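Data block below; observations after.
Here, each number is a calculation from the coordinates, and none is a lab measurement. In this text the structure is predicted, and so the values were computed from the model without any measurement. Backbone-built Cβ (ideal geometry, glycine too); neighbour counts: all protein chains shown.
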Amino acid sequence: MPKTIPCLWFDGQAEDAAKLYVSLFPNSSINNVTRYGADQPGAEGAVMTVEFTLDGQDYVGLNGGPQFPFTEAISFQILCKDQEEADHYYDGLTANGGQESQCGWLKDPFGVSWQVTPVELLELIRDPDPERAQRAVQAMLQMRRIVIADIKQAADGVPV
């Protein structure tokens, strides 16, 4: 199968976004920066594309202009091993202008949507006991940042 590389369309902030993402994810790097030349759609010398890798996954950031802003229709899910890791990404992506949403979703300062998801949350909402799973879902629906201890408590029928 050919490799797929997500391309994110920014309005001038591709390099800043790549720098933020690379600072948060392990095994990450900015691999190449291409600049607009003379007689191209962007200002000569301005960043056109940034190729970067986040923990083994390649991405491209394109400074294409304001025509296509990000929406929640596309988001990146970060599966986290525990609360500490989830808090690392949630805090890092909401800092400096990011926006919290519901159920672990957020927008980073550049408008890209992310879902910060502890794997234990998925286990709880898929619990074979449908009542326990329902209590976990109901607790999650009340949260912005996922707090797995509170969801476990709710799943077990203990008031939070």
Of the conditions (1) assigned to a loop (DSSP other than H, G, I, E, B); (2) without any contact (Cβ under 8 Å) to a residue 40 or more places away in the chain; (3) not polar (S, T, N, Q), Met143 satisfies every one except a single condition; which number is it? (2)
Quick one: in region 56-94, which of the residues that are small (Gly, Ala, Ser) and not in a loop (DSSP other than H, G, I, E, B) is farthest from Val116 (Cα to Cα)? Gly61
Given (1) under 23 Å from His88 (Cα atoms); (2) surrounded by fewer than 12 Cβ atoms within 10 Å (Cβ to Cβ); (3) not hydroxyl-bearing (Ser, Thr, Tyr), identify the lone condition not met by Gly61. (2)
